[in-house]
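The values are calculated or read from the model by the stated rules, or taken from the named source; none is laboratory data. Fair warning: this is a prediction, and the values are worked out from it, not measured in the lab. Neighbour counts are summed over all protein chains in view; Cβ atoms, including those assigned to glycine, are modelled from backbone coordinates with ideal geometry. Note: areas computed on protein heavy atoms with side chains; ligands, DNA, RNA excluded. Shrake-Rupley method; radii C 1.70, N 1.55, O 1.52, S 1.80 Å.
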Amino acid sequence: MMKHEMIHQKQARARDFEDHTQGKDNRNMNYEYMSRPDEIEAYAMNIADELKRKQGSKGAMQILRTVTKSSQLKDKLGYLLSPDLKGYIDEFDDNPRVVKALLKKIYQFLTK
């Protein structure tokens, strides 16, 4: 949680604390909020950390390649490797722009 909020702090400082971001999905307040570039970036960092911690860098990259297969999002015991990733995929399954933006940011965090 702290790293997530630190990302937001960095984003706010880069904009001189002015918020002009708009979400990519305007169905309702939750979709709009979760599809904002700031939230996508912060959650992408969370997801990258979760995947690296549970699968290592190579395993995390493999998951990104097969992310549409929900079975790939679970470990051998059937537990989710990243609840945030599964949540985004489920919520925005009909909005590929949001999922694509999230996956791109996850990739960037994994390759830093």
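Please compute the alpha carbon radius of gyration of the chain, then divide it by the globular-protein estimate 2.2 N^0.38 Å. Two decimals is fine.
For the chain, the normalised Cα radius of gyration is 1.07.
Could you tell me what percent of the accessible area of the stretch 1-60 is made up of carbon and sulfur, with a 1.4 Å probe and every protein chain present?
Carbon and sulfur together cover 53 percent of it.
Scan the stretch 1-53 for chymotrypsin sites (Phe, Trp or Tyr not before Pro) in coil per DSSP, keeping those whose Cβ has at most 12 other Cβ atoms within 10 Å, and list them by number.
Filter output for the stretch 1-53: PHE17.
Taking the solvent-accessible surface of protein heavy atoms with a 1.4 Å probe, what is the per residue accessible area of the chain in Å²?
Here the residues of the chain average 66 Å² of exposed surface.
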